[in-house]
Amino acid sequence: MEANLDPIAADRQFFDALVQGSLENLEQLLDDDFILIDVMSGSEITKSALLAAIGSGQPKFEAIKPLQARQRRYGTAAVITGSTRIDARFEGSPFQAHSRYTHVYALQHGRWRLVSAQGTQIAGEPG
């Protein structure tokens with residue numbers, strides 16, 4: 001994975017890594033204390049739990065289409081808000097989601113690393 005000098009580029013790399021199931025790329029992109037608030041259940045998922053789930057194939061992201069993204073930077077932190085359409089499988093069952101998200105990145109050693117992510121399904125709009 002090439003260096004991510006732009007938070008929006010890092011965000012695209014995150015979505016690509018999920019679709020590719022690339023644990024190596026996710027390991028590089030996610031901060032050690034990363035927390036994801038799950039779009040479907042609202043539960044907290046740590047970096048190690050996300051990597052384990054992706055590695056097991058439990059969630060399989062077939063496509064994640066970013067529809068829009070807006071970035072706000074605060075020194076060595078960046079907040080990206082946007083929306084996506086997701087085609088995926090969970091434990092073999094297909095699902096689609098249209099969601100808004102907030103991702104928080106921190107610049108560490110010249111790389112943007114994702115420290116927190118929250119997704120919210122858009123009501124009334126299936127994938």
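What to note about this one:
- Within segment 32-44, the set of residues being at pLDDT 95 or above and either in contact with a helix residue (DSSP H, G or I) (Cβ under 6 Å, 6 or more places away or on another chain) or crowded, with 17+ Cβ neighbours inside 10 Å (or both) comprises Phe34, Ile35, Leu36.
- Here is the figure for segment 42-61: residues that are assigned to a loop (DSSP other than H, G, I, E, B) and within 15 Å of Leu114 (Cα to Cα) total 0.
- With respect to being touching a Pro at 6+ places or on another chain (Cβ under 6 Å) and under 15 Å from Ala9 (Cα atoms), Ala78 fits the description.
- Ile86 satisfies every condition listed in (1) outside any strand (DSSP E or B); (2) under 13 Å from the mean Cα position of the chain (by Cα); (3) closer than 18 Å to Gln20 by Cβ except (1).
- Checked against the criterion of being out of contact with any Asp or Glu (no Cβ under 6 Å at 6 or more places or on another chain) and assigned to a strand (DSSP E or B), the candidates Ile80, Ile8, Ile64 yield just one match: Ile64.
- Of all residues making up segment 109-127, the number that are touching a residue at least 12 places away in the same chain (Cβ under 8 Å), loosely packed, with under 14 Cβ neighbours inside 10 Å and small (Gly, Ala, Ser): 1
- Residues located in segment 49-82, provided they are surrounded by 15 or more Cβ atoms within 10 Å (Cβ to Cβ) and basic (Lys, Arg): Lys60
- The condition (being in a strand (DSSP E or B), in contact (Cβ under 8 Å) with a residue 12 or more places away in the chain and touching an Asp or Glu at 6+ places or on another chain (Cβ under 7 Å)) is satisfied by just one residue among Ala97, Ala106: Ala106.
- Residue-level check: of (1) of a type outside the set (D, E, K, R); (2) at pLDDT below 95; (3) in contact with a Phe, Trp or Tyr (Cβ under 7 Å, 6 or more places away or on another chain), Tyr105 misses just (2).
- Screening Lys47 against (1) touching a helix residue (DSSP H, G or I) at 6+ places or on another chain (Cβ under 9 Å); (2) modelled with pLDDT of 95 or more; (3) farther than 15 Å from Leu18 by Cα leaves a single unmet condition, (3).
- Test for Ile35: is it under 19 Å from Thr81 (Cα atoms), of a type in the set (Val, Ile, Thr), in a strand (DSSP E or B) and out of contact with any Phe, Trp or Tyr (no Cβ under 8 Å at 6 or more places or on another chain): yes
The values are calculated or read from the model by the stated rules, or taken from the named source; none is laboratory data. Everything numeric in this text was worked out from a predicted model, so none of it was measured. Positions of Cβ are generated from backbone atoms using ideal geometry, with glycine treated the same way; all protein chains shown enter the neighbour counts.
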